[in-house]
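Heads up: the structure comes next, in C-alpha cells.
The values are calculated or read from the model by the stated rules, or taken from the named source; none is laboratory data. Bear in mind that the values here come from a model prediction, so they are computed numbers and not experimental data. Note: ideal-geometry Cβ built from the backbone for every residue, glycine included; neighbour counts use all protein chains shown. Heads up: the accessible areas ignore ligands, DNA and RNA and are worked out on the full protein's heavy atoms, side chains in. Shrake-Rupley method; radii C 1.70, N 1.55, O 1.52, S 1.80 Å.
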Amino acid sequence: MDGFNEQVVKRATKAKNIVIKILSVVILLFIPVLFTFLAFTITTYMFYVGLFLFIGGIYMVWYIFSCQKVEFEYSVAGNELKISKIIALRRRKNICKININEIEELEKGDKITKGKRFTKTFIAARDFDKDDENYYAIFNSPAYGRSLLVFTPNDDILQGMKPHLNKNIVLKLFYHRNTGR
C-alpha cells in the first residue's frame, strides 16, 4: 500500500434543509394546540393524548434535525478511492469504490460532462451548485457502466491519487498543460 489519505467534507446547508427543520418545529407546536381544542370539544383525555404526542414529537424533531447533518468521507489507499456517506454520525453508507487508474477523465468544473450520458451519477460534494470547487470524474464501473463522480477533494486527496492517475490527466490537472486529446 503506497499511502493513506483521508478527508471528511460536511455537506452545505441548503434552503431545503432549513424548510424541513422549520416545518418540523411548526408541526410539533401545532400538536398541543390542536389537541387542547379537541379536549374542549370531545373529551378531556384528548389533552393527555396531545401531551404524549408532543413529548414523542420532541424526539422526532431532534431526529429530523440530526439527520440533516451529512458528511462525506474520502479515503485514498493505494490505487483505491473509497467514498462513504455519514449521516448524523450514526450511520455510514458506502457510496462507491473506484480504482484510480480506471478514471478516464478528471477535471475541476462540469465542462467534461457536456453532451455526455452516464448510467449512474455519484454525488459526494460539499455543495453541488458550486462548480468552482467540485471535481468531476468519469469512470467505468463494473456494476453500472459509464459513471460520473462529483466530489470536493482537498490537495492531500489529489496528491494521493496523482501517482495512480493517467499521465494525460496528471498533466492537465496538476501542470495545466493541454494534452491535445
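When region 127-152 is examined, which residues are found to be open to solvent by less than 30 Å² (accessible area, probe 1.4 Å) and part of a strand (DSSP E or B)? Spell out the reasoning first.
Pass one, region 127-152, residues open to solvent by less than 30 Å² (accessible area, probe 1.4 Å): 127, 134-139, 141, 145, 147-152.
Passing the criteria: TYR135, TYR136, ALA137, ILE138, PHE139, SER141, GLY145, SER147, LEU148, LEU149, VAL150, PHE151.
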- Sole miss for ASN94 among (1) surrounded by 12 or more Cβ atoms within 10 Å (Cβ to Cβ); (2) under 16 Å from the mean Cα position of the chain (by Cα) is condition (1)
- Task: Taking only region 84-126 into account, find how many residues are assigned to a strand (DSSP E or B), within 23 Å of HIS176 (Cα to Cα) and of a type in the set (D, E, K, R).
- Result: 4
- Task: Could you tell me which residue of region 112-122 is nearest to the chain's Cα centre (by Cα), considering only residues that are open to solvent by 90 Å² or more (accessible area, probe 1.4 Å) and touching a residue at least 12 places away in the same chain (Cβ under 8 Å)?
- Result: THR119
- For residues that are open to solvent by 30 Å² or more (accessible area, probe 1.4 Å) and β-branched (Val, Ile, Thr), scanning just region 54-86, find the one that is farthest from PHE122 (Cα to Cα). ILE55
- Message: Just to be sure I understand, how many residues within region 1-53 are outside any helix (DSSP H, G or I) and surrounded by fewer than 15 Cβ atoms within 10 Å (Cβ to Cβ)?
- Response: 13
